[in-house]
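Any read-out appearing in this document is the output of simple, stated calculations on the displayed coordinates, not a laboratory observation. Note that this is a predicted model, so its numbers are computed, not measured. Counting neighbours? That spans all protein chains shown, and the Cβs are built from the backbone with ideal geometry, glycine included.
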Amino acid sequence: MRILLALMAVLALAVPSLAEHRTLHVIVMDPLSAPLSCDCVKGYAQRKYEKLGEFLAKKLERPVKVTWSESLVKATQETGGEAHLVIGKHSVVLHDAQKLARPYEPIAALTGSDGETTQTGLLVVRTPDSAQKVEDLKGYRVFFGPEDCDEKCAVVINMLKEAKLPVPKERETYPSCSNAAAKLMELKADEKAVAVISSYAEPLLAGCGAVKKGDLRVIARSKPVPFITAFADGKLSTAEQESIKTALLAVAEEVELLEALETEAGFVPFESVVQAQATSTKAVDGKK
């Protein structure tokens, strides 16, 4: 009996050790990462997450495998269902997590080169268009983005409602910002339409040739929404989630890694993003 109890005790200690040293699967869905973007704008949208993988492997003392994909569903098919850390657009990751019926906890947000952790939706028209603000869009076709992109769908619907404009029952939806912008430029001069693009994509449109510089004009910007967020698999232990979060926050101390990820201050606790957004919303509401 004593031998059996001793063996059980040894196994109990071994299980956490094995969990800590198994491969950590990191899924990157960041549209500004090198494999998911283009190199048409020098020094922009070429984030090297393989460098983050190397850093995490050293920090956590366990193997790290980085997989890039625009879809969490497809990514897990490549990793045998494993997705311990997912880094991508906040609303897109949540949307895909619902498809998989898996719990994910936001633990950190990546700051951009401007230090911001949020993005906005931009309403753009062709430069000669007479529209100057949202209220001028009565009778216009609206080119929305996919439903999983809050900045190009949900918040824009709210903008139209606040401006007392009708929301189309059947939305005209385009899979990418470049698709929406290109379609806008194909219209006849007398056709009225507005395209919704993500703020982070604005520099890429002209750079990638979707439109020419000066073709489009921004008439409105949506309220900010969380942008690139790091999610931990909810099935991980609290200790594992905390160790991963601590490692991510330590990126702020690595100058070369900050450059590789095109970030000003690395990752910050996600709760700070929520607090900042709440403060911003109160400030806006207070002005009404």
Inset, instruction - Could I have the simple spin-label model distance between HIS95 and LYS169, label points 7 Å from Cα toward Cβ, reported in nm to one decimal? - result: 2.3
Inset, instruction - Determine the principal axes of the Cα atoms in the stretch 171-288, then give the extent along each, sorted from largest to smallest and rounded to whole angstroms. - result: 60, 40, 30
Legend entry - Theoretical ellipticity at 222 nm over the chain - DSSP helices of four or more residues, -39500 (n - 2.57) apiece, nearest 500: -11500 deg cm²/dmol
Legend entry - 26 Å Cα-Cα threshold exceeded, pairs from LYS51/LYS183; LYS89/LYS183; LYS133/LYS169; LYS51/LYS152; LYS188/LYS213; LYS161/LYS192: LYS51/LYS183; LYS51/LYS152
Legend entry - Residue-by-residue Karplus 3J(HN,Hα) for the stretch 26-42, coefficients 6.51, -1.76, 1.60, Hz, glycine and proline x: 10, 9, 9, 10, 5, x, 9, 7, 3, x, 9, 10, 10, 9, 7, 10, 4
Inset, instruction - Can you tell me the equivalent ellipsoid semi-axes for the stretch 121-221? Use √(5λ) from the Cα gyration tensor, largest first, whole Å. - result: 19, 16, 12
Legend entry - Placed amide H near VAL64: partners under 5 Å, 5+ positions off or other chain: LEU24
Legend entry - Sequence of ILE87, ILE197 once ranked by neighbouring C-beta atoms within 10 Å, starting from the fewest: ILE87, ILE197
Inset, instruction - Could you grab the relative contact order for the stretch 145-282? Cα pairs under 8 Å, six or more apart, rounded to a whole percent. - result: 19
Legend entry - Hull-based mean projected area of the chain, where the convex hull spans the alpha carbons, in square nanometres: 18.5
Inset, instruction - Mind listing the long-range amide H neighbours of ALA230? Cut-off is under 5 Å, sequence gap 5 or more, other chains count too, H placed in the peptide plane at 1.01 Å from N. - result: ILE107, ALA108, ALA109, LEU110
Legend entry - For the chain, size of Cβ-based charge dipole, Lys and Arg +1, Asp and Glu -1, in debye: 700
